[in-house]
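Engineer: Supplied in structure tokens, the structure appears directly below.
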Amino acid sequence: MRSPCSRKVKITSFYGQRTVDGATTMHSGIDLVPVDSKVPTNVIAIADGTITRAITWLEDTHTGNRIVTNPDGNFITYRTDSGYTVECRHLRSGMTLKKGDRVKAGDVIGVIGSTGRCSNIHLHLELKNAGGTSFDPYPYFDNKLEIDNEHVPVLITPQSRPTIKLGSIGSDVTYLQKALNVTIMAGIKVDGRFGPVTEVSVKKYQRIRGLLQDGIMGPQTWGHIEEDIKTIPKEKNK
């Protein structure tokens, strides 16, 4: 998946539960900050789709009614042709897109700003599946995003295992294959090799859980399968 920004950006806050200023909350997207904040950074459409909401910082995110200030700032949402939703928050003023407009992958949909309730210039990027459930965007950008280790808030539930996919080998793949066999009765060979059969089983598991069906074991899919494993009697989980 292409980068959602025209210039180099860093992740300053990941998807998941986080602690900021002593308060623990669920962060449903990732925050991206331009490496050079003095140069305008465009927000780029990551896939073809249709604008479903274009809200200014003086409108309510859900109703469109005028309010004193919208905490999400200037806000654009578009639904991709594959059925997923992309939300971009805190954009600069001057948005020209409106509900119903078509966008293509690579089109400029706005500029990273600081409208709404935020302390610095950044883009809050959120992805949701067809059922409206948010999922972690980070694994889907092919390492195009850098991590700002100095400013990333502490995560309460960090990913316990590495992201693995077709072609991966090792003990994490072995664990995954065993987990798939006991959670969805996949019946796959446990050999520590992430081949096409394992990939199909991962997609099946993701479909059952309402996740993005990409066959990649990222943070969200690992999180679900780890929770499912806990519910299985120990004599089966061997």
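The values are calculated or read from the model by the stated rules, or taken from the named source; none is laboratory data. Everything numeric in this text was worked out from a predicted model, so none of it was measured. Every residue, glycine as well, gets a Cβ built from its backbone with ideal geometry; the counts of neighbours run over all protein chains shown.
Engineer: Which of the residues that make up segment 120-137 are out of contact with any Asp or Glu (no Cβ under 8 Å at 6 or more places or on another chain) and among the hydroxyl-bearing types (Ser, Thr, Tyr)?
Structural biologist: Answer for segment 120-137, where residues must be out of contact with any Asp or Glu (no Cβ under 8 Å at 6 or more places or on another chain) and among the hydroxyl-bearing types (Ser, Thr, Tyr): just 133.
Engineer: Next up: Determine the pairs where a residue that is touching a residue at least 12 places away in the same chain (Cβ under 8 Å) and assigned by TED's automatic domain parsing to the domain that holds residue 80, located within segment 23-52, has a partner that is in a strand (DSSP E or B) and small (Gly, Ala, Ser) with Cβ atoms under 8 Å apart, the partner being 6 or more residues away or on another chain.
Structural biologist: If the second residue must be in a strand (DSSP E or B) and small (Gly, Ala, Ser), the pairs left are 27/13; 27/16; 28/134; 29/134; 30/13; 31/13; 42/110; 43/110.
Engineer: For segment 110-137, which positions are farther than 30 Å from residue 206 by Cα and in a strand (DSSP E or B)?
Structural biologist: The answer is 110, 111, 112, 113, 122.
Engineer: Looking only at segment 194-202, decide whether some residue is part of a helix (DSSP H, G or I) and within 20 Å of residue 137 (Cβ to Cβ).
Structural biologist: yes
Engineer: Quick one: residue 175 ticks every box in (1) surrounded by 15 or more Cβ atoms within 10 Å (Cβ to Cβ); (2) part of a loop (DSSP other than H, G, I, E, B) except a single one, so which number is it?
Structural biologist: Residue 175 satisfies every listed condition except (2).
Engineer: I want to confirm something. Restricting to segment 1-56 and keeping residues that are in contact with an Asp or Glu (Cβ under 9 Å, 6 or more places away or on another chain) and under 18 Å from residue 95 (Cβ atoms), which single residue is surrounded by the fewest Cβ atoms within 10 Å (Cβ to Cβ)?
Structural biologist: 50
Engineer: Shifting gears a bit: Against the condition in a loop (DSSP other than H, G, I, E, B), more than 22 Å from residue 137 (Cα to Cα) and either under 22 Å from the mean Cα position of the chain (by Cα) or modelled with pLDDT of 90 or more (or both), how does residue 214 come out, does it pass?
Structural biologist: no
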